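Here the structure is laid out as structure tokens; the discussion comes afterwards.
Derivation of every value follows stated rules applied to the coordinates shown; laboratory data play no part. Treat the numbers as computed from the prediction; the structure is a model and nothing was measured. Quick reminder, even Gly has a Cβ in these numbers, built from the backbone with ideal geometry, and neighbours come from all protein chains shown.
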Amino acid sequence: MRKRQKTLKLKRSVAHRKSMMANQACSLIEHKRIRTTLGKAKALRPFAEKLVTLGKRGGVHSRRVARTYLRNDQGVKDLFDEIAPACKDRQGGYTRIVKLGMRASDAAPMALIEWVDFADREDDAE
């Protein structure tokens with residue numbers, strides 16, 4: 001019987017994929033939005049949203065679990081101090097993916113992934 005694959009493999013080994021997701025999640029936490037390929041953005045969304053759920057839960061154990069995923073102390077601090085409190089009233093859907101079109105060099109579909117709550121704040125400031 002066919003089983004549905006839950007993770008997008010992105011033609012990478014397990015270790016490479018985990019490192020890439022950790023790096024992209026740290027960049028998303030730091031910059032609040034990143035520009036990447038559509039496939040990577042779709043793979044990053046569930047990873048980042050699970051981290052926000054950990055941040056909303058709070059506590060020492062959640063911080064340690066987030067640290068194992070992100071491998072970056074500053075990223076964990078920003079996640080728990082900035083991102084999670086901003087998303088406290090939201091039940092899910094913390095990120096938004098906006099398609100940008102094709103990349104000029106190799107025609108890869110590009111996308112912008114951003115935090116929903118922070119994108120609204122930046123638009124109001126402009």
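In this calculation the C-beta distance from residue 19 to residue 89 is compared with R0 = 25 Å, giving a FRET efficiency of 0.15.
Taking the Cβ of residue 75 as the centre, find all other residues whose Cβ is under 12 Å away and add up their charges (Lys, Arg: +1; Asp, Glu: -1).
Around residue 75, the charge tally is -1.
How high is the relative contact order of the range 14-125? Use alpha-carbon pairs under 8 Å, at least six apart in sequence, and give a whole percent. Normalised by residue count, the contact order of the range 14-125 is 33 percent. Between the C-alpha center of the range 10-31 and that of the range 63-121 there is a gap of 12 Å.
Working out 0.36 nm times the residue gap between residue 42 and residue 104, then minus their Cα-Cα distance, what length gain in nm do you get to one decimal?
Here the segment from residue 42 to residue 104 would lengthen by 20.3 nm.
Divide the volume of the convex hull around the Cα atoms of the chain by the residue count and you get 146 Å³ per residue.
Among 54, 44, 100, the largest mean-square fluctuation in a Gaussian network model of the chain (Cα springs under 10 Å) belongs to 100. Net charge dipole, the range 14-125: roughly 620 debye, given to the nearest 20, about the Cα centre with Cβ charges of +1 for Lys and Arg and -1 for Asp and Glu.
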